[in-house]
Each structure stands twice: as structure tokens, then as C-alpha cells.
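What follows is a set of notes on a single structure, which appears directly below.
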Amino acid sequence: MRFLIFVSQCALICFLPFGALAGDPTVPGNVARLDRSGIAYAPENAPQAVKNAIWAINTLRNKPYRFGGGHGTFHDAGYDCSGTISFLLHHAACLDNPTPSSALCGYGDPGPGRWITVYAKRGHVFAVVAGLRLDTTDMSHGRQGPRWHLAGRSLENFQARHPRGL
């Protein structure tokens, strides 16, 4: 049986003018929004740790995919899937060291979280953060690298985990 995750329909692309980004962008409510340039706007109602993680990931949106990227350091020239999710969790104050995808299968608490859900299996990991999917795999355009996405993906063989309290 195949399962699909669908990112919240409320996580719509907001059509803000380019260059409108000032400081750490937020939007009203509980769901993040994505602008045309790939910047995620954190929901105002999210905990500060979630906002910090969203804003930190925004700095990676033009980085390339690089196998092993983000494992030796949180600040790298490119990132793979687990390097990206480690960066996210580190900036949410939930992870001290970069962690491979297989180890993220046992991360935190089981099941989906309120604000951050990590979907891990041996060989790949992605997350849904305040309604947006953070993944290094673009299921529709074939681009790779740390990016926010509106569309969901199959959950087959993935384990849902979340940081305690988030």
C-alpha cells in the first residue's frame, strides 16, 4: 500500500514582490508560506525555535546537493538530505551534531509533530515544517539541493519522528 503526504493546502505561495524580504519574514497564523523565490515565511504563531529553523533554512535555498554535505560542519558549500535536516534541527535547538539519515530513524519522539515532522528511512530523510516540505529531492522538476516545496511525496517505508514539544 502506498501512502502520500500532502502538504497543507494553506501553505500557498504568497506572491510578494522580489526584494520585499526584510529581516526574518513571518505571516499570520499557523502555516508557513513560500514566495516565488523559494523563501519560506514563518507562521507568527509558531514557537521561536521553529521560526529560527525556517529562517536558517532559507539561507540554504541556493546551495547545491552534495553527498556528505553538512556532515562535517553545519556550514558547508552543499548539503545532502541528512545534512539539510540536521541543519534544520540544529537551528531549532534540537540537535547538537550532524546526523545521518539512518540515525534520524530513531530521532526524537515517534509520530508526526505539531510543527516539525522528520520522515526518515535508511538512505533518505526529509521534513515537513509548519506545512512546507523541506527536501533535497524535487519530485516535479528534478532539481536537487535543500529547498522548500509545496507538494508532498510518498511516505512508503519512512518513519515519522518529531522533536519533543514541536
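The values are calculated or read from the model by the stated rules, or taken from the named source; none is laboratory data. Nothing here was measured: the structure is a model prediction, and the numbers come from that model. In this analysis, Cβ positions are derived from the backbone assuming ideal geometry, glycine residues included, and neighbour counts consider all displayed protein chains. Just so you know, the surface numbers come from the protein's heavy atoms only, side chains and all, with ligands and any DNA or RNA stripped out. Shrake-Rupley method; radii C 1.70, N 1.55, O 1.52, S 1.80 Å.
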Between a first residue in the stretch 151-164 that is on the phi > 0 side of the Ramachandran plot and a second residue that is open to solvent by 40 Å² or more (accessible area, probe 1.4 Å), which pairs have beta carbons less than 9 Å apart while being 6 or more apart in sequence or on different chains?
157/121; 157/122
Would you check if residue 126 is open to solvent by less than 10 Å² (accessible area, probe 1.4 Å), touching a Ser or Thr at 6+ places or on another chain (Cβ under 8 Å) and closer than 17 Å to residue 136 by Cβ?
yes
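This table checks each residue for (1) open to solvent by 10 Å² or more (accessible area, probe 1.4 Å); (2) closer than 14 Å to residue 145 by Cβ.
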site	(1), (2)
74	yes, no
77	yes, yes
84	no, yes
87	no, yes
92	no, no
97	yes, no
101	yes, no
107	yes, no
Which of the residues spanning the stretch 9-51 are touching an Asp or Glu at 6+ places or on another chain (Cβ under 8 Å) and at pLDDT 95 or above?
26, 27, 28, 29, 41, 42, 51
